[in-house]
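Input: a single structure, listed below in structure tokens.
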Amino acid sequence: FERKNMKLKIEDGPENFVNFAYSLTKRESSQAEWPQLWIFKPQESYLGMGIRLLKIFKKDIANKKGIANWAVSRFPDGKWTLQEYVRNSALYKGKKFDIRAWSLLVSIRPLRIVTLSYGFPKVSTVDYNPSPEHFEDLCMHIKMPLGPDCQAQDLVKPYPKNTGKANWKEHVKFNKGLQIEWDKDIWSQVEDQISIVVLGGLEAMRGREAQIFGDNVGRMNSYRRFAFLSPDFAVDDKGKVYMEEMNTNGFMIGDTYSHFFPAQSETILIMRVLGADGFPDSWKYQEDAEKVVDKYCAGAGFDDCEKQGVKKEILRMIHEDMSGGEVGGKIGSIWKRSFPPRENEWPGIEKVMLFWDRYVNLMHNENDRKWKWYAKKFDRGDHTYGKDFLSPHYLDLATWNFIEWRRNIALGKEDDMYDKGFRALVLKTCPYCKLVVSDESTSHKMWYT
């Protein structure tokens, strides 16, 4: 929504907004009843400033005039976003919460994402009550864990440090009768939704890369660029996860707020995953990893695995996988590859491709001249731009094939091709392959089916 001098603009027009609001009454139980509850957010703000709740009655969206009167009476001048509110929330000790996740986009060519295996809960100070008379209590609904007028003495005790802890999983409650496991059923959705949003923005990221580097491939390949993501999620009482927003400002807090979220170990570890200290433990597996990658390259038929960059990127992924474990003696500080999927959750190349095709066009505007110009100007003939601007890069396909190949070896499907000694090298350099062997798959991925 944009209001300026009593004039109102609604993205995609008022009819689409009305249709969307009515569709929620059928597909989201939290918005099935009127008045609907929506979160009102200023688009140019931060730290939750200016956010509040708005009620929409059925009569408010009966026609264009009704929408205009409703919006003008509530919106000051500026640009605003309305977001559906999850009213039927899962609860922690009777209080509403949302979750801050940490994720790192380590590469866009090929696309690789790593995600912390747990999140940081922000729990309300007020017992949750979804009745309309409590809609104005922002400390109950929005300001979590604290904000102006919220009482620190009402914080849950002990405060849950992260969602990997036993006390979190013990006290978070869903609808009675539902058997929901946090890691399998909730966190897998978190990983999926992060991948979906990143894929949706891939066109813009590749366009930006073209704008920065042009056709200077050597200059582009000399950089290891990354993006730190910290999205927020809500969870309803049926175990459905909703991304509230994708924060991209790199807010790596360390132990600044250690009374809530001690996160210095996690911060140090993600820098190691990035290779900031040169992968100091790589001497333990580097030689074996190179043997595995060379064997893959030979079988995959690459003319020159090193020249094409395939060996470099696959070895980089192995370093990242091997560096995501504990640090500083703190067990459970684990960053995991979330895209492409891990070997123990690998659905097959065909389904990964379907996932890519489904979501990479989310924000695509075929009439956007800017991206058309980038695609035409910077087509290098290597599936990076041009007509394949939104297609997987050949490095993506090489990586996916490598993951599937390693998984098959771990499962013993390639025993007629490789001896037990080589299979041992694969297991040594692939932490997720060990989970395949022991059948510890945690795959509950929605988009696999």
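The values are calculated or read from the model by the stated rules, or taken from the named source; none is laboratory data. Just so we're clear, the structure is a prediction, and the values are computed from it rather than from any experiment. Cβ placement follows ideal geometry from the backbone for every residue including glycine, while neighbour counts extend to all protein chains displayed. Side chains are part of the model used for accessible areas, which takes the heavy atoms of the whole protein and leaves out ligands, DNA and RNA. Shrake-Rupley method; radii C 1.70, N 1.55, O 1.52, S 1.80 Å.
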Problem set entry | Long-range neighbours under 8 Å by Cβ, at least six apart or interchain, first residue without any contact (Cβ under 8 Å) to a residue 40 or more places away in the chain within region 174-199, second surrounded by fewer than 19 Cβ atoms within 10 Å (Cβ to Cβ) | TRP182/LYS169
Seminar exercise, completed: Of the listed residues (PHE260, PHE228, PHE251), the one being at pLDDT below 90 and buried (at least 17 other Cβ atoms within 10 Å of the Cβ) is PHE260
Exercise. Can you pull out the residues in region 283-333 that are aliphatic (A, V, I, L, M), at pLDDT below 95 and open to solvent by 10 Å² or more (accessible area, probe 1.4 Å)?
Worked result: ALA298, ALA300, MET322, VAL327, ILE331
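To keep it simple, each residue is scored yes or no on (1) closer than 30 Å to GLY239 by Cα; (2) open to solvent by less than 40 Å² (accessible area, probe 1.4 Å); (3) modelled with pLDDT under 75.
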| residue | (1), (2), (3) |
| --- | --- |
| LEU395 | no, yes, no |
| ARG406 | no, yes, no |
| ILE409 | no, yes, no |
| GLY412 | no, yes, no |
| MET417 | no, no, no |
| THR429 | no, yes, no |
| LEU435 | yes, no, no |
| GLU440 | yes, no, yes |
| TYR448 | yes, yes, yes |
Exercise. Within region 188-226, which residues are assigned to a helix (DSSP H, G or I), out of contact with any Lys or Arg (no Cβ under 6 Å at 6 or more places or on another chain) and among the small types (Gly, Ala, Ser)?
Worked result: SER195, GLY200, ALA204, GLY207, ALA210, GLY218
Exercise. Under the condition of being modelled with pLDDT under 80 and closer than 22 Å to PRO76 by Cα, which residue from region 26-46 is surrounded by the most Cβ atoms within 10 Å (Cβ to Cβ)?
Worked result: SER45
Problem set entry | Within region 53-89, tally of residues that are in contact (Cβ under 8 Å) with a residue 40 or more places away in the chain, assigned to a strand (DSSP E or B) and in contact with a helix residue (DSSP H, G or I) (Cβ under 7 Å, 6 or more places away or on another chain) | 2
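When residues of region 87-129 are filtered for being open to solvent by less than 20 Å² (accessible area, probe 1.4 Å) and at pLDDT below 90, how many remain?
Kept after step one, since they are open to solvent by less than 20 Å² (accessible area, probe 1.4 Å), are these residues of region 87-129: 89-90, 92, 96-99, 101-107, 110-116, 118-121, 123-125.
Okay, now just the ones that are also at pLDDT below 90, so none.
So the count comes out to 0.
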For this session: Give LYS165, LYS173 a once-over and let me know the one that is of a type in the set (D, E, K, R), touching a strand residue (DSSP E or B) at 6+ places or on another chain (Cβ under 6 Å) and surrounded by fewer than 16 Cβ atoms within 10 Å (Cβ to Cβ).
Result: LYS173
Exercise. Considering region 130-141 alone, what residues qualify as being surrounded by fewer than 18 Cβ atoms within 10 Å (Cβ to Cβ) and either at pLDDT 95 or above or under 29 Å from the mean Cα position of the chain (by Cα) (or both)?
Worked result: PRO130
Exercise. Would you pick out the residues in region 1-22 that are open to solvent by 80 Å² or more (accessible area, probe 1.4 Å) and part of a loop (DSSP other than H, G, I, E, B)?
Worked result: ASN5, MET6, GLU11, ASP12
